[in-house]
Amino acid sequence: MRAVIVHGGSGKLKQHKIERAKNGVKEAAEAAYNALLSGASALDACEIGVKSLEDNPVFNAGTGAVLTLDGRCELDAAIMVGSTYSAGAVGGVENIKNPISLARKIMEETDHVLLVGEGAKKFANLMGFEEYDPITEERRSEWKELRKKLLLGESYKWHKINELIRRFPELLEGTVGCVVLDDKGEIVAGTSTGGVFLKLLGRVGDTPMIGAGTYTTPFAGASATGIGEGIMRVVLAKTVTDFIQMGVPPDMASQAGIRMLTERVGLSAGVIALDREGNVGFSKNTENMPVAFIKDGMDKVEVVI
Ligand code: GLY
């Protein structure tokens, strides 16, 4: 059985971005699934799926990721292979195009799991990653708008972030993720993000925290989205994969994970998951989370917003 599920982040999408986001998740799921059909491994297919989302400027990852309070673009990503519990992750890296590929290089070429900031960038240079500015004009003008709103009398305090996001939903725009099962039973999950709009420089969220934003076992994989400060505190992706290993189907495991997060920390989040039979699940406590999935036996990708 082969299966793919992707997300384009939880939050509230502006009306004019909804169709673009639906097309974007559909294209990413198709790219990953077509790779599987051509014989690619779950690892290659997952990287292909996440790269498709990173390269699409509508999503908050790679090209078009959101900006820090001081107008920079610090990217986070992680990838994890279920059968071996191998993982690679990158935090706060600037000026590269595809952080998911750097996370994979960290997994495959180093003894480490997570590299951050300058060290991550040096390693990227060693691995031949080219200089790339991921900041788009659209994001730069959104950043100017949001900064202006906040400077006009809105205090910006991290412990108020949920309240702030209720008032300015555009502050939270989604992370991307992809979970893949190949026909050998391998499961791989990958997640990538620019984090949260107007974050402090140096802030790292849940995405590269193995277990929080990204987790895979031989039984299940999960990728989370939303406010990392909540997701990290309930270790959401691992919690959902643990539920699945205990026999809970991925849809119910995702719902239970989001319910637990909502009750315990009350912040915005979403999660996608998949098990080794190819069953998929997803859940969110926000208005939107573009999701697309396909598996053997389906004749086209299903998209949910
Ligand atoms: N979930 C993405 C972040 O908080 O960085």
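The values are calculated or read from the model by the stated rules, or taken from the named source; none is laboratory data. Model, not experiment: these values are computed from the prediction. Every residue, glycine as well, gets a Cβ built from its backbone with ideal geometry; the counts of neighbours run over all protein chains shown. Accessible surface areas use protein heavy atoms only, side chains included; no ligands, DNA or RNA. Shrake-Rupley method; radii C 1.70, N 1.55, O 1.52, S 1.80 Å.
So here's what we get for this one:
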{"read-out": "Given (1) surrounded by fewer than 20 Cβ atoms within 10 Å (Cβ to Cβ); (2) in a loop (DSSP other than H, G, I, E, B); (3) at pLDDT 95 or above, index of the condition residue 119 fails", "value": "(2)"}
{"read-out": "Subset of the stretch 30-45 [open to solvent by less than 10 Å² (accessible area, probe 1.4 Å) and out of contact with any Lys or Arg (no Cβ under 9 Å at 6 or more places or on another chain)]", "value": "32"}
{"read-out": "Those residues of the stretch 255-277 which are buried (at least 22 other Cβ atoms within 10 Å of the Cβ) and either under 15 Å from the mean Cα position of the chain (by Cα) or within 18 Å of residue 82 (Cα to Cα) (or both), in sequence order", "value": "268, 269, 270, 271, 272, 273, 274, 275"}
{"read-out": "Tally, over the stretch 52-107, of residues that are basic (Lys, Arg) and buried (at least 24 other Cβ atoms within 10 Å of the Cβ)", "value": "1"}
{"read-out": "Selection from the stretch 175-185 of residues that are more than 8 Å from the ligand (Cβ to nearest atom), closer than 17 Å to residue 6 by Cα and either crowded, with 24+ Cβ neighbours inside 10 Å or among the small types (Gly, Ala, Ser) (or both)", "value": "176, 177, 178, 179, 180, 181"}
{"read-out": "Condition check for residue 259: among the basic types (Lys, Arg) and either touching a helix residue (DSSP H, G or I) at 6+ places or on another chain (Cβ under 7 Å) or within 30 Å of residue 112 (Cβ to Cβ) (or both)", "value": "no"}
{"read-out": "Candidate set from the stretch 9-29 (those that are in contact with a Gly (Cβ under 9 Å, 6 or more places away or on another chain) and open to solvent by 20 Å² or more (accessible area, probe 1.4 Å)); member that is farthest from residue 207 (Cα to Cα)", "value": "22"}
{"read-out": "Elements of type helices (runs of 4 or more DSSP H) contained in the stretch 186-305, each with 1 or more residues being within 14 Å of the ligand (Cβ to nearest atom) and β-branched (Val, Ile, Thr)", "value": "228-234, 250-264"}
{"read-out": "Residue list for the stretch 27-86, restricted to those being charged (D, E, K, R), part of a helix (DSSP H, G or I) and in contact (Cβ under 8 Å) with a residue 40 or more places away in the chain", "value": "30, 47, 51, 54"}
{"read-out": "Pairs, first of a type in the set (D, E, K, R) in the stretch 184-204, second within 12 Å of the ligand (Cβ to nearest atom), C-beta under 6 Å, six or more apart", "value": "199/68"}
